[in-house]
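Chemist: Mind looking over this structure? Questions follow.
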Amino acid sequence: MALITKIREKSGIAAAAIAVSLILFLLGSDIFQGKSRFFGGSSDEVGEIAGESIKFQDFQKKVEEASQAYSAQTGRGPSEQELAMMREQVWTQYLWDFAYGKEYEALGLSVSPEELVDMVQGNNIHPSVRQQFTNPQTGQFDKNYVIQFLKNLKSMPAAQQQAWANFEKSLSQDRLRSKYESLLRLSTYTTNIEAQKDYQAQTAKADVQYLYVPFYSIADSTVKVTDSQLEEYLAKHKDLFKGENTRSIQYVTFPVIPSKQDTASFYNDIKRLAKDLAVAKNDSAFAMMNSDVKTPYLVSLAEVPAAVKTQLGSMIAGGIYGPFKENNVYSIYKYGGIQKDSLFTVRASHILIRPENTSDSSKAAARKRAEGIMAQIKGGANFEALARLNGMDGTAQQGGDLGFFKNNGSMVKPFEKAVFGFSGAGLIPGLIETDFGFHIVKVTEPKSNTRYKLAAINRTIAPSQATMDEVLRKADNFAAANTSAEAFDAAVKKDKNILMLRAERMLEGSSNVNNLTNARDIVRWAFNDDTKVGTVSDVFQNDNQYIVAILTGKTSKDEVKVADYRDELTARVRAELKAEQIINKLGGISGSLEQVAQKYGAGALVETATDITLAQGVLSSAGADPTALGKAFGLKVGQKSKPFKGEQGVFIVQAVKSTPAPAIADLTMYKNSARMMATQRASFYINEAIKENAKVVDNRARFY
């Protein structure tokens, strides 16, 4: 029974892997952006994929089956967020069956029964099967355990048999995905010429001098942009501005905040609970029964709240401490002393240096770099600053901080062994090598196995029903009195206590509106056919606030207008007008770059860039401008370009020095890199083609 439960929990692993392979297919598409295509389909049609209609009844039945399985497994019904995830999983399965399934069938790809047996109990065990049937005591995979389980499968309840069938189906889907991706990889080929180009772009260097006039040197207010210019630009660049079904709203919020009476009543309640907690015979049970937020009784130092941690040294067993406030939660604690734990907790920071690849030379280079950083720290350099500069993982921006962790296998074994084998706090003197690379580690809080007994009552201060009713009355009055755009705006300007917010270009499938979570009712109202621009809503409730909204704009997928992209179009057209103005002025000036800049006047900069490469060149003020870099490497030494438009300004570039790339005998590294990029591009474009060919219509936002 325990095993089948684990299988239920993990049976989505392979399917999740397939979802990863679908990411490229989904990127930029209508699917997860909530855009629906109302092409006159059936009113009970959730969507259409590759010509296959998906009816609401069929879709909902699959969602309900997933929900029932979840309830049977967890003993509770799924939350709204969990239900949304289930709907996403069901939709993804339809994508697999109808879009990718047809492509695989056309290619003749399949998974035979023999392959499935091989993945489950043969010589090539699938990682998911290996994970589920690993002996927890020995840590070893046991094939006999699989065979015994399969022998007993038919005697198990139907639900458990179905769980195994779903698990096997996900294994087959994952194998098909692997076969398809292998075909993509094998379909790409990189020539020596392509590899040579990559090598040249990364290795050949140039010194350039350039004159740069940034667009910001001309005030926007001096360059007038007309609607006709915007229309003309949009017509010429339709491929850059895709249509979307979106809605824009303004909305005001009426927060429900506890009144003075609510606060006084709450404090009296906290005082009473503190007295009762002090004399409670079973303080942990009493605290649990009276807490809005449940917390463990025994906690490690890492789990002790920051406000309490500062007082631990002076706490007396049996004493009551608090209240401590965090956001709207007030906490009181009864301290019960300490207890030793079998696990230790430590806090540490690290600087991870990764090798570029698995070759010995790459590892040696990474080790040498890590040793250099270690030497700087031992010489007095700041660990956190070096972590931000050199760290190669997500902790770098936090100065390498890993937070608190236990010796329970949460870290890879070599790392855990080294950190928990270190006494006290400070820099661990040697590098730690793991599969991720080389770690420089500083223990910031020494290891400890002390656990603290803290019976905590956590109560959230909340408004009373009378307070909520009063705020609702105000929101109702606002909505009733301001039923037009003019009245809405006037009321907001008149009452300085009302906060007005904007939500621009909301997508139809959105669940959130700015920081308002679970706001589907607002989104559905905005997309309702009866909601016209200028319509004011009734009152919505969202957490502890009431909301009144007005629809301020809508865009259509099938008709792109200037208004849909006015700000971006204006910026682009204004940049072109500024470029034309600057180029005309520069074109009439002769002389050296310094002389041209002097004659041009304010705004013209002359700068030099040395040892730049085509692949990663950066120009001081202009940044990484690809047009300017291309011009620079296309000039002969001493040659000067004519004025030209770059990304953020106008340039004149003069080549000063050229350092060709040294001759190279082995292009393997560059060829492999180019092949990898080509494979990724091929995968993306093929998936885009499948998406387009499937003609996905997603109407889920109509129903949920």
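Please treat every number below as a calculation from the coordinates, not as lab data. Because the structure is a prediction, the values reported are computed rather than measured. As a convention, Cβ positions derive from the backbone with ideal geometry for all residues, glycine included, and neighbour counts pool all protein chains shown.
Chemist: Would you grab the residues whose amide H sits under 5 Å from the one on Gly47? Only those 5+ places off in sequence or on another chain, please, with H modelled 1.01 Å from N.
Modeler: For Gly47, whose amide H was placed from the backbone, the distant partners under 5 Å are Ile54, Asn699.
Chemist: Which residues does the label zone of Met156 cover in region 74-102, counting backbone N under 17 Å from a point 7 Å along Cα→Cβ?
Modeler: Correct set: 74.
Chemist: Can you grab the distance from the C-alpha centre of region 216-240 to the C-alpha centre of region 541-556, Å, no decimals?
Modeler: If we compute the Cα centre of each part, the gap is 31 Å.
Chemist: Also, I was wondering about something else. Around Gly591, with a cut-off of 12 angstrom between Cβ atoms, what is the net charge of the other residues, counting Lys and Arg +1 and Asp and Glu -1?
Modeler: On the way: positive: Lys599, Lys640; negative: Glu594.
Cβ neighbours under 12 Å give a net charge of +1.
Chemist: Now for a different question. Give the residues of region 507-544 whose amide nitrogen is closer than 14 Å to a point set 7 Å from the Cα of Thr483 in the direction of its Cβ.
Modeler: The answer is 535-539, whose backbone nitrogens lie closer than 14 Å to the label point.
Chemist: Please work out which option in [x] 80, 69, 46; [y] 93, 73, 64; [z] 92, 63, 55 gives Cα extents along the principal axes in Å calculated from these coordinates, and answer with its label.
Modeler: Label [y] holds the value from this structure.
Chemist: If you average the alpha carbon positions of region 58-130 and of region 256-296, how far apart do those two centres end up, in angstrom?
Modeler: 46
Chemist: Restricting to DSSP H runs of at least four residues, report the calculated mean residue ellipticity at 222 nm for the chain, -39500 (n - 2.57) per run over all residues, nearest 500 deg cm²/dmol. Before the final figure, lay out the partial values.
Modeler: On the way: 25 runs with 308 residues, N = 704.
The per-residue figure over the chain is -13500 deg cm²/dmol.
Chemist: Taking a ≥ b ≥ c as the square roots of the Cα gyration tensor eigenvalues, with a/c under 1.5 meaning rounded and otherwise prolate when a/b beats b/c, else oblate, which class fits region 245-316? Walk me through the intermediate numbers first.
Modeler: On the way: a/c = 2.61, a/b = 1.73, b/c = 1.51.
Since a/c reaches 1.5 and a/b is larger than b/c, the shape of region 245-316 is classed as prolate.
Chemist: Further question on the same structure: Provide the per-residue ³J(HN,Hα) series for region 596-610, in order, calculated from phi with Karplus coefficients 6.51, -1.76, 1.60 and θ = phi - 60°, each as a whole number of Hz, with x at glycine and proline positions.
Modeler: With the stated coefficients, region 596-610 comes to 5, 4, 5, 6, 5, x, 4, x, 8, 10, 10, 9, 10, 10, 10 Hz.
Chemist: Just to check I understand the Karplus step: with θ = phi - 60° and J = 6.51 cos²θ - 1.76 cosθ + 1.60, what whole-Hz values come out for region 166-181, glycine and proline as x?
Modeler: With coefficients 6.51, -1.76 and 1.60, one gets 5, 5, 5, 4, 5, 5, 5, 5, 5, 5, 4, 4, 4, 5, 5, 5 Hz.
Chemist: Where a Cα-Cα gap under 21 Å defines reach, which lysines qualify for Lys557, not counting those fewer than 8 residues away within the same chain?
Modeler: By straight Cα distance, Lys557 reaches Lys35, Lys236, Lys238, Lys242, Lys532, Lys691, Lys695.
Chemist: Please list, in chain and number order, the residues 5+ apart from Phe344 or on another chain whose amide H is under 5 Å from its amide H, with Hs placed from the backbone.
Modeler: Asn407
Chemist: Same structure again: Between Lys294 and Asp97, what is the spin-label point distance in nm, taking each point 7 Å from the Cα along the Cα→C-beta axis?
Modeler: So the label points at Lys294 and Asp97 sit 3.8 nm apart.
Chemist: Got a sec to turn the phi values of region 341-350 into Karplus ³J(HN,Hα) couplings, 6.51 cos²θ - 1.76 cosθ + 1.60 with θ = phi - 60°, whole Hz, x for Gly and Pro?
Modeler: With the stated coefficients, region 341-350 comes to 10, 6, 9, 9, 10, 9, 10, 8, 10, 9 Hz.
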